[in-house]
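What follows is a short report on a single structure.
The values are calculated or read from the model by the stated rules, or taken from the named source; none is laboratory data. From a predicted model like this one, the values you see are computed outputs, not experimental measurements. Note that we place each Cβ from the backbone using ideal geometry, even for glycine, and neighbour counts take in every protein chain shown. Side chains are part of the model used for accessible areas, which takes the heavy atoms of the whole protein and leaves out ligands, DNA and RNA. Shrake-Rupley method; radii C 1.70, N 1.55, O 1.52, S 1.80 Å.
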Amino acid sequence: MNLITKSILTAIFLLTTINSAFSADVTLKITKRYLNLPVSQKQDQGNMRFDIGGEQERSFRIRLAANPEYWVFTDVSALKGKTIKISYDGKADGLPKIYQDDQINGQDSLYHEKNRPQYHFTTKRGWINDPNGMIFYEGEYHLFYQHNPYEREWENMSWGHAVSPDMVHWNELPVALSPDNLGTMFSGSAVIDYNNTAGFNKGKTPAMVALYTAFTKDKQIQCVAYSLDKGRTWTKYEKNPIIDSKARWNSVDTRDPRVFWYKPGKHWVMVLNERDGHSIYTSQNLKDWNYESHTTGFWECPDLFELPIDGDKNKTKWVMYGASNSYMVGSFDGKTFLPEAGKFYYVTGTIYAAQTFTNMPETDPRRIQIGWGRVQQPGMPFNNMMLMPTELTLRTTKDGPRLFSKPIRETQQLFEKLKSWPVLTSDEANKNLKEFYNSDRFRVKASIKLSHATSAGFNLFAQRVLDYDMNNNTINGVFYSPENITGMELTADIYVDRTSIEVFIDGGKYSYSMERRPDKNNTEGLHFWGNNIEVKNLEVYSVKSIWK
Ligand code: FRU
């Protein structure tokens, strides 16, 4: 045998062994609520598929592992009594480890894991990004979100689902929308169809209708699904998609429908990001949509809403923003948004793709926003988080009406004031703060009064939480001009959780967030600094956990 033949034969042998090790299946009768699946980021992804009676029931990409780094789960309660075949085309030695149980693997430590944020929503297992379909209905706030249930990175886009009585305490429910033959489930919104315009209602029960993007590599199309049980189970409309605008824009970037009822015109409005901006579509029935207009200059995840200026219902403006939260202020007649001013920002940092709740009760017309916090959760079986819910208001400033954002009043139940001091030097403040150094979570509020137009601020174990530079007029590098333009004082309300920090400046005129990254070798803890600064109205609060 010459060398070439020999190496070809070796190659064939290797391939067959690899092939047999890389594809396998197991058959299982479902008797419990969950299938627990062992995974590791060190493994390559493979396709896992469940079949019942020869028909595919679900399929997803997963990094199955014989030596799991952590466990994920899939809810199979709907399959009880059925026999399923689980097949996997990746390295399949983790397959025999899959087991069913009425508890998820890790239930005992759930929400108490070392790096689990204690007052921000995170998912039990897997990845989250954009909030979706945020809606209030019958006493419950619904938060759907971009979700990969099967690992801590982005993949298998689905709509996760959690409900809350107060937007602070959350109960995670089973996945609401899973990928189908039109694609994976990208971002979108939800409405309640009180007038049965789409014909999905049943008797007196109005449908909760979700509008979302189905994503494939070469297309992003808009689809509809509805739920008659408060978002617990969903039926996808059989004539999906309802909008396919790839040809109009010569672009695959057409996504993230944001839908609401436009009362004066008695029609539905959809704001859809298409290629280079936000388009407006209108509809009578949530299924047939007419293209109306387009505002360039935005990317992904639109929002559009009307707000009173300084709380005066007779003086309103419309706000349009995109995924980075930059916004325009203008007017809207149901078909066209006319920008008057912008673009501005009111928030920066880890926030992305924020959305606001719709269908708020008439007695509580607040505009409440939740943003995706792009915050790594080191070593955890879950990743990223939602930032604190904030109320958005439009207020008159010297430069015209501007957005302000502040944590909603419901968050106040979490905080207990431990100590406060009216006026201190930075040295005194630092001494007083010593006993709070090692808390995993707390809130500090203070005004700093500068004596020089140079930098002053606040560190947490050497991490620059606040760096106000009056020479460059920046806060942590971002341009900031206070409402009192000659004022030497700045107020910061600082919310520290295990892995994140959110800062609200001057009552919400500007806010930002960052990952919490203490320098392990630093012993300074909480530390005010600056040339002869005064620390005024320093307050320290403890924070309750939102998890039981
Ligand atoms: C924004 C985004 C959306 C898209 C989703 C996919 O973060 O890119 O445009 O629908 O994430 O997960």
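Structure notes:
- The residues of segment 322-355 that are part of a strand (DSSP E or B), crowded, with 22+ Cβ neighbours inside 10 Å and within 16 Å of the ligand (Cβ to nearest atom), listed by number, are V347, G349, I351, A353, A354, Q355.
- Only listed residue being in contact with a His (Cβ under 9 Å, 6 or more places away or on another chain) and modelled with pLDDT of 95 or more, chosen from G349, G334, G400: G334
- Of all residues in segment 423-439, those satisfying the criterion of being within 18 Å of S451 (Cβ to Cβ) and open to solvent by 70 Å² or more (accessible area, probe 1.4 Å) are V423, D427, E428.
- Of the strands (runs of 3 or more DSSP E) contained entirely in segment 396-485, those carrying at least 1 residues that are among the basic types (K, R) and more than 19 Å from K509 (Cα to Cα) fall at 415-425, 463-469.
- Inside segment 130-148, residues that are outside any loop (DSSP other than H, G, I, E, B) and open to solvent by 10 Å² or more (accessible area, probe 1.4 Å) make up a count of 5.
- Those strands (runs of 3 or more DSSP E) of segment 57-125 in which 1 or more residues are open to solvent by less than 30 Å² (accessible area, probe 1.4 Å) occupy 70-75, 83-88.
- Set side by side, the residues V535, V444 differ, and just one is modelled with pLDDT of 95 or more and within 22 Å of V375 (Cβ to Cβ), which is V444.
- Listed by position, the strands (runs of 3 or more DSSP E) contained in segment 154-226 that have at least 3 residues being touching a residue at least 40 places away in the same chain (Cβ under 8 Å) and either within 15 Å of the ligand (Cβ to nearest atom) or open to solvent by 10 Å² or more (accessible area, probe 1.4 Å) (or both) are 171-177, 184-192, 208-216.
- Residues of segment 251-265 satisfying the condition of being under 13 Å from W289 (Cβ atoms) and in contact with a helix residue (DSSP H, G or I) (Cβ under 9 Å, 6 or more places away or on another chain): T254
- Filter result (crowded, with 18+ Cβ neighbours inside 10 Å and at positive phi) within segment 458-475: F461
- Selection status of E151, at pLDDT 95 or above, among the acidic types (D, E) and open to solvent by less than 30 Å² (accessible area, probe 1.4 Å): yes
- Odd one out for Q412 among (1) of a type in the set (S, T, N, Q); (2) farther than 30 Å from Q41 by Cα; (3) in contact (Cβ under 8 Å) with a residue 40 or more places away in the chain: (3)
- Single residue of N314, N285 found to be away from the ligand (no atom under 16 Å from the Cβ), without any contact (Cβ under 8 Å) to a residue 12 or more places away in the chain and not charged (D, E, K, R): N314
- Test: residue in segment 120-140 that is away from the ligand (no atom under 16 Å from the Cβ), hydrophobic (A, V, I, L, M, F, W, C) and either modelled with pLDDT under 95 or closer than 20 Å to L304 by Cα (or both): yes
- Considering residues of segment 227-250 that are of a type in the set (V, I, T) and within 21 Å of N290 (Cβ to Cβ) only, the residue nearest to the ligand (Cβ to nearest atom): I243
- Test for S251: is it under 24 Å from the mean Cα position of the chain (by Cα) and of a type in the set (S, T, N, Q): no
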